[in-house]
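Notes follow once the structure below has been shown.
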Amino acid sequence: MLKKYFEQNVERVSFYLLIYTFLICSQGIYLFGNDLIEILPFLKKIGHPELYVNDFYIQSAWSKPLFERSVFIYLLHFLHAEYVIVRLLLHLLISLFLIHATFKLCCLIIENKFYCYWAVFLYFVISSRISLGGNEIYYNSLLPSLVAKTFVLYALLYYTKEKFLYSFLFLSIATFLQAAVGFQLWLLLGILSLILFQFKSSTFRSFAKSYFIFGFISLLYLLALYYFSNSNPSLSQYLFEIQEFRNGHHLIVEYSSLLNIIIYLFFVLFSLFFYYKSNSIFYYFTLVQFTILILYVLLTSVFHFYSVFNLFWLKSSIYIEFFAFFGLIAFLTNTKRLNYFPLMKHRHLLPILICIFSLVFSIKKNVNFINESTSEITLSELIKTKTEPNTIFLVPPDFTSFKFLSERSSYIDFKAILQDPNYLFPWYDRIQNFYQINYNNRIQGDNLIQKSKENFNNRLWAEHIANLQSKSIDYIIVEKQTKASNSLHSIKSPVIKNDRYEVFQLK
């Protein structure tokens, strides 16, 4: 008995490691940049307060007693995640727990555990490619979204077992790590429980006790976040425009592709059909989420309520896609349709297939799994050794690793955002002035990063030296062999350069 249990767990953990290997081979991993720009420099400043004293984002966040990433960043500080090896290990560990939770939830839906392995693999192959609004369960960097959604999956798992104490404990942790993710599930599970459980039943009393104990703690945290966000209802019209500019992918009608909308509607209809008799929890979960989503679309796309937009309700669509996908596999296996594919029943086919997929993606990526630009990394390290710590840089819009690696301040970062009007308005002004993109580019369907890069590289910066100096900007980084570079070469020589970039001193 013990031997069989051990063998099953070894087999399962080996499968999880194979899935993680596939994810790294296919998506790579971010160690310094992309969305980590909102986290890692602040993490470094906690240990070294003398850094980033002139950085717009860091100083704005540093001045707040609490903001949406505070808990996660201080948790990373406690775990010494400023070191790359720690971040790698944490990402591995959390991802394995995420895959485990996915497998356990899958087993609640699909009777044959053998097919559960196939279903989990297929889910991680296609989920990021079909999700509405580009939302994902798995992330290829150590982000609060990854950790929060891992806890949410465990909260859902324990909810289905009516272990409400564990469920809402995990949900509270998810809320502290990422408020929007946690709040959405509090609302969904609260409404769901009112539908499923009778008010006088022992199940309802057990649910209510855990829900309100942990819900009260989470509510206090959410109210504190709201208070320190300096929200001002009179500015909501202008803030909505800025929010749409930066996070337009959270608006379904305006920016989601027709194909993704059709896939999502199919998943909703299939879930309602499949779970109507087989699983009341998943059935009503789908119904409640979709109903609120319709209301969300109405209040954001028609009436432009800024406070409703900030709920980011589109994130919750991933759970419908999650349940529907595994329901579809269960439907196919239960109706014997997979008997047409006898090879799928071969024990060693799946691990071989995962290895082949991983190898193909590895070759495609030239066995380079780190997504950050090598040129940006080497330049940042040069800047760290050759410039003063308190200097301010104007950087290309896709320079997201620079700040953490160079330990230097930047005048503006496209990716770094705070939900605070005192930050959002000057942030948007700087984006318009220096990257020359705005709300109109969003509604025209432009790729904002690509458009801003083109504008930055084509601008004749030599004509704007006085303006740059008036903003106390000390250095500007531009790509070689661009109009921007040629313009600056006409009046200055670069003080630092590498294979792709040049750094010009402005003072």
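The values are calculated or read from the model by the stated rules, or taken from the named source; none is laboratory data. If you're wondering where the values come from, they're calculated on a predicted model, not measured in any experiment. All Cβ positions, even for glycine, are placed from backbone atoms using ideal geometry, and neighbour counts span all protein chains on display.
Filter region 450-481 for residues that are touching a residue at least 40 places away in the same chain (Cβ under 8 Å) and of a type in the set (D, E, K, R); which is surrounded by the fewest Cβ atoms within 10 Å (Cβ to Cβ)?
LYS471
This table checks each residue for (1) of a type in the set (A, V, I, L, M); (2) within 30 Å of SER257 (Cα to Cα); (3) in contact (Cβ under 8 Å) with a residue 12 or more places away in the chain.
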| site | (1), (2), (3) |
| --- | --- |
| HIS91 | no, no, yes |
| ALA101 | yes, yes, yes |
| LEU108 | yes, no, yes |
| TYR115 | no, no, yes |
| VAL120 | yes, yes, yes |
| VAL125 | yes, yes, yes |
| LEU142 | yes, yes, yes |
| SER145 | no, yes, yes |
| ALA148 | yes, yes, yes |
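Taking the condition under 30 Å from ILE110 (Cβ atoms), part of a helix (DSSP H, G or I) and out of contact with any Leu (no Cβ under 8 Å at 6 or more places or on another chain), does ILE213 pass? Spell out the reasoning first.
On the way: under 30 Å from ILE110 (Cβ atoms): no; part of a helix (DSSP H, G or I): yes; out of contact with any Leu (no Cβ under 8 Å at 6 or more places or on another chain): yes.
Criteria not met by ILE213.
Looking only at region 382-397, decide whether some residue is within 20 Å of the chain's Cα centre (by Cα) and part of a loop (DSSP other than H, G, I, E, B). Spell out how you get there, then give the answer.
Within region 382-397, the subset within 20 Å of the chain's Cα centre (by Cα) is 397.
Pick out the ones that are also part of a loop (DSSP other than H, G, I, E, B) and you get 397.
Scanning region 382-397 turns up at least one residue that is within 20 Å of the chain's Cα centre (by Cα) and part of a loop (DSSP other than H, G, I, E, B).
Conditions tested, residue by residue: (1) over 23 Å from the mean Cα position of the chain (by Cα); (2) buried (at least 22 other Cβ atoms within 10 Å of the Cβ); (3) farther than 20 Å from TYR30 by Cβ.
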| position | (1), (2), (3) |
| --- | --- |
| ILE110 | yes, yes, yes |
| VAL120 | no, yes, yes |
| TYR138 | no, no, no |
| GLY182 | no, yes, yes |
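Does LEU75 fit the bill of being closer than 16 Å to SER145 by Cβ and outside the structural domain of SER410 (by TED's automatic domain parsing)? Explain how you work it out, then say what you get.
Values: closer than 16 Å to SER145 by Cβ: yes; outside the structural domain of SER410 (by TED's automatic domain parsing): yes.
So LEU75 passes the test.
Within region 167-186, is there a residue that is at negative phi and out of contact with any helix residue (DSSP H, G or I) (no Cβ under 7 Å at 6 or more places or on another chain)?
Residues of region 167-186 that are at negative phi, as a first pass: 167-186.
From what is left, the residues that are out of contact with any helix residue (DSSP H, G or I) (no Cβ under 7 Å at 6 or more places or on another chain) are none.
Checked against the condition, which is being at negative phi and out of contact with any helix residue (DSSP H, G or I) (no Cβ under 7 Å at 6 or more places or on another chain), region 167-186 yields no hits at all.
Taking region 482-496, which residues are within 17 Å of PRO389 (Cα to Cα) and surrounded by fewer than 17 Cβ atoms within 10 Å (Cβ to Cβ)? If you could, list the steps in order and put the result at the bottom.
As a first pass, look at region 482-496 and keep what is within 17 Å of PRO389 (Cα to Cα): 495-496.
Scanning region 482-496 gives a single hit, VAL495.
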